[in-house]
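Since the structure comes first, as structure tokens, the remarks are kept for the end.
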Amino acid sequence: MRVELKLPESVPELVLAIRQRDKKVFEALYKSHFKGLYTLSYRYVGKCEVAEEIVHDVFISIWNKAGNVSIETSVKNYLIRSVINSSLNYIKKEKNDILKQEDYIASLNVAEDPEAFYMEREQLLLKLEKALELLPPQCRKVMIMSRFEKMKQQEIADNLNISIKTVKNHLTYGLNKLRFVLTETLILVLFFWIEQMQQL
């Protein structure tokens, strides 16, 4: 019979347990607050996987800086504030990415010279293909499944029999490697084009 994990009743005790990286307390904290935090983040970002990832990242961040975490009111309020801030940061970054895509595409003057535009697109896609070839096989496979086949991280993990953390590590490494070869704006535009072509 599984014993239900309980959180310390007082805030100081709970904060102390967090600072000491008490795994049982973290597990209980995660299970008791995940659903509410996920719903909160989803109201902001409107994407299930993104909301889930934001909540995961908040808990990972707390774990990583547990020794220096500062909670003045309640742990629940701290978690809510952290999730809201992360959700707003995601929205801000997404808007900036869209603006970069629009500015770059507009600079190509597709209406004035559509043939040149499509030639430019093919050349850029070829650059992306060559850049992907520089990645380790497993990392390249994860990138393709995530960015081209639009698979969720859990689906990729199940398909390749690896952990979600490993999937995230591959995605982080892959994007950093692509940024080294291509500009960030170019990467955003290429992924945008690929998504548009998949909808045709």
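The values are calculated or read from the model by the stated rules, or taken from the named source; none is laboratory data. Only a predicted model underlies this, so the values are computations on that prediction, with no experimental measurement involved. A quick note on method: Cβ atoms are made from the backbone with ideal geometry, for glycine too, and the neighbour counts reach across all protein chains shown.
Per-structure values
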read-out	value
Flag if I18 is in contact with a helix residue (DSSP H, G or I) (Cβ under 9 Å, 6 or more places away or on another chain) and at pLDDT below 85	yes
Segment 10-51, subset among the hydroxyl-bearing types (S, T, Y) and either on the phi > 0 side of the Ramachandran plot or over 22 Å from the mean Cα position of the chain (by Cα) (or both), residue surrounded by the most Cβ atoms within 10 Å (Cβ to Cβ)	S32
Residues being surrounded by 12 or more Cβ atoms within 10 Å (Cβ to Cβ), at pLDDT 65 or above and not in a helix (DSSP H, G or I) - total across segment 88-143	3
Where a residue in segment 73-89 is farther than 17 Å from K31 by Cα and not assigned by TED's automatic domain parsing to the domain that holds K31 and its partner, wherever it lies, is crowded, with 19+ Cβ neighbours inside 10 Å and of a type in the set (A, V, I, L, M, F, W, C), with Cβ under 7 Å and at least six apart	none
Residue in segment 65-75 that is of a type in the set (G, A, S) and farther than 16 Å from L14 by Cβ present	no
Filter result (more than 18 Å from E155 (Cα to Cα) and of a type in the set (D, E, K, R)) within segment 32-60	K35, R43, D57
